[in-house]
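Notes for the one structure printed next.
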Amino acid sequence: DQQVKQNSPSLSVQEGRISILNCDYTNSMFDYFLWYKKYPAEGPTFLISISSIKDKNEDGRFTVFLNKSAKHLSLHIVPSQPGDSAVYFCAATFFGNEKLTFGTGTRLTIIP
Amino acid sequence: DSGVTQTPKHLITATGQRVTLRCSPRSGDLSVYWYQQSLDQGLQFLIQYYNGEERAKGNILERFSAQQFPDLHSELNLSSLELGDSALYFCASSVGAAGGHGETQYFGPGTRLLVL
């Protein structure tokens with residue numbers, strides 16, 4: 001049962017343009033969402049998070065949007081840079097649940 | 001560098017064997033989490049230890065076990081290995097016990113296990 005879904009396995013974006021990565025979830029109990037970035041041969045690195053009491057959280061070039069009614073979140077990267085090329089994982093949890101539930105990841109390639 | 005170390009980086013073994021993966025958390029972190037990432041899959045939570053005690057359990061097989069020692073390092077033991085156990089195994093650590101809720105988990109580089 002895939003409770004967190006990233007339906008696009010890969011995405012290519014021109015340098016300087018906006019990258020939009022999408023994530024859907026099915027478990028209504030999830031109230032905290034995170035994005036992790038992973039380079040080859042490294043572990044995932046925390047990027048940005050959002051609580052369900054918000055619909056947007058911004059950190060520099062990275063913005064996460066949450067649409068609770070649609071059970072959908074997205075990560076926007078503006079402007080995209082070559083160093084953003086990586087696999088991006090969406091993850092979710094809820095208060096009192098110690099574990100993170102991850103999506104399968106989206107491989108983002110930024111084209112110079 | 002996240003500050004979380006995992007050894008070994010790579011492990012090749014045969015079916016039916018037993019292996020031990022080791023993880024040292026960041027200095028000051030009391031929680032250790034283990035995740036399995038199979039090909040084209042997301043990270044699957046296996047188990048969490050907090051200050052030496054098992055805190056949460058996920059989809060961990062009975063053939064797998066883990067422990068956290070007084071110095072807070074952790075070991076994941078995989079026994080009676082099968083071909084399907086081939087995967088990347090990640091360890092993560094955090095300061096407290098809250099898991100991902102409001103608390104950042106820092107991941108190690110992973111151990112790649114290949115069962116032949």
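The values are calculated or read from the model by the stated rules, or taken from the named source; none is laboratory data. Keep in mind that what you see is a predicted model, and the values were worked out from it rather than measured. Note: ideal-geometry Cβ built from the backbone for every residue, glycine included; neighbour counts use all protein chains shown.
Observations, loosely collected:
- Looking across the stretch B:80-98 at every residue that is assigned to a loop (DSSP other than H, G, I, E, B) and touching a Lys or Arg at 6+ places or on another chain (Cβ under 6 Å), the one that is farthest from B:Tyr50 (Cα to Cα) is identified as B:Ser80.
- Residue in the stretch A:1-46 that is nearest to the chain's Cα centre (by Cα), counting only those that are closer than 25 Å to A:Gly83 by Cβ, within 10 Å of chain B (Cβ to nearest Cβ) and among the hydrophobic types (A, V, I, L, M, F, W, C): A:Leu34
- When the residues of the stretch B:46-56 are filtered to those that are within 11 Å of chain A (Cβ to nearest Cβ) and touching a Phe, Trp or Tyr at 6+ places or on another chain (Cβ under 9 Å), the one that is farthest from B:Ser80 (Cα to Cα) is B:Arg55.
- Elements of the type strands (runs of 3 or more DSSP E) sitting completely within the stretch B:1-44 and holding at least 1 residues that are surrounded by 13 or more Cβ atoms within 10 Å (Cβ to Cβ), of a type outside the set (A, V, I, L, M) and free of Cβ contacts under 8 Å to residues at least 60 places away in the same chain: these cover B:19-24, B:31-37.
- Of the residues A:Val87, A:Val64, the single one that is under 21 Å from A:Pro40 (Cα atoms) and either within 14 Å of chain B (Cβ to nearest Cβ) or crowded, with 16+ Cβ neighbours inside 10 Å (or both) is A:Val87.
- Taken together, the residues in the stretch B:63-102 that are surrounded by fewer than 16 Cβ atoms within 10 Å (Cβ to Cβ) and either in contact with a Phe, Trp or Tyr (Cβ under 8 Å, 6 or more places away or on another chain) or within 14 Å of chain A (Cβ to nearest Cβ) (or both) amount to 6.
- If the condition is being assigned to a loop (DSSP other than H, G, I, E, B) and either more than 14 Å from chain A (Cβ to nearest Cβ) or in contact (Cβ under 8 Å) with a residue 24 or more places away in the chain (or both), then the stretch B:103-116 contributes B:Gln105, B:Gly108, B:Pro109, B:Gly110, B:Leu116.
- For the residues A:Ser85, A:Ser51, the requirement of being of a type in the set (Ser, Thr, Tyr) and either over 20 Å from A:Thr104 (Cα atoms) or touching a residue at least 40 places away in the same chain (Cβ under 8 Å) (or both) singles out A:Ser51.
- All positions within the stretch A:6-36 that are of a type in the set (D, E, K, R) and at pLDDT below 95: A:Asp31
- Of residues in the stretch A:37-51 being in a loop (DSSP other than H, G, I, E, B) and loosely packed, with under 15 Cβ neighbours inside 10 Å, the one modelled with the lowest pLDDT: A:Ala41
- Qualifying residue in the stretch A:97-107 (condition: in contact (Cβ under 8 Å) with a residue 12 or more places away in the chain, more than 9 Å from every other protein chain (Cβ to nearest Cβ) and in a helix (DSSP H, G or I)): no
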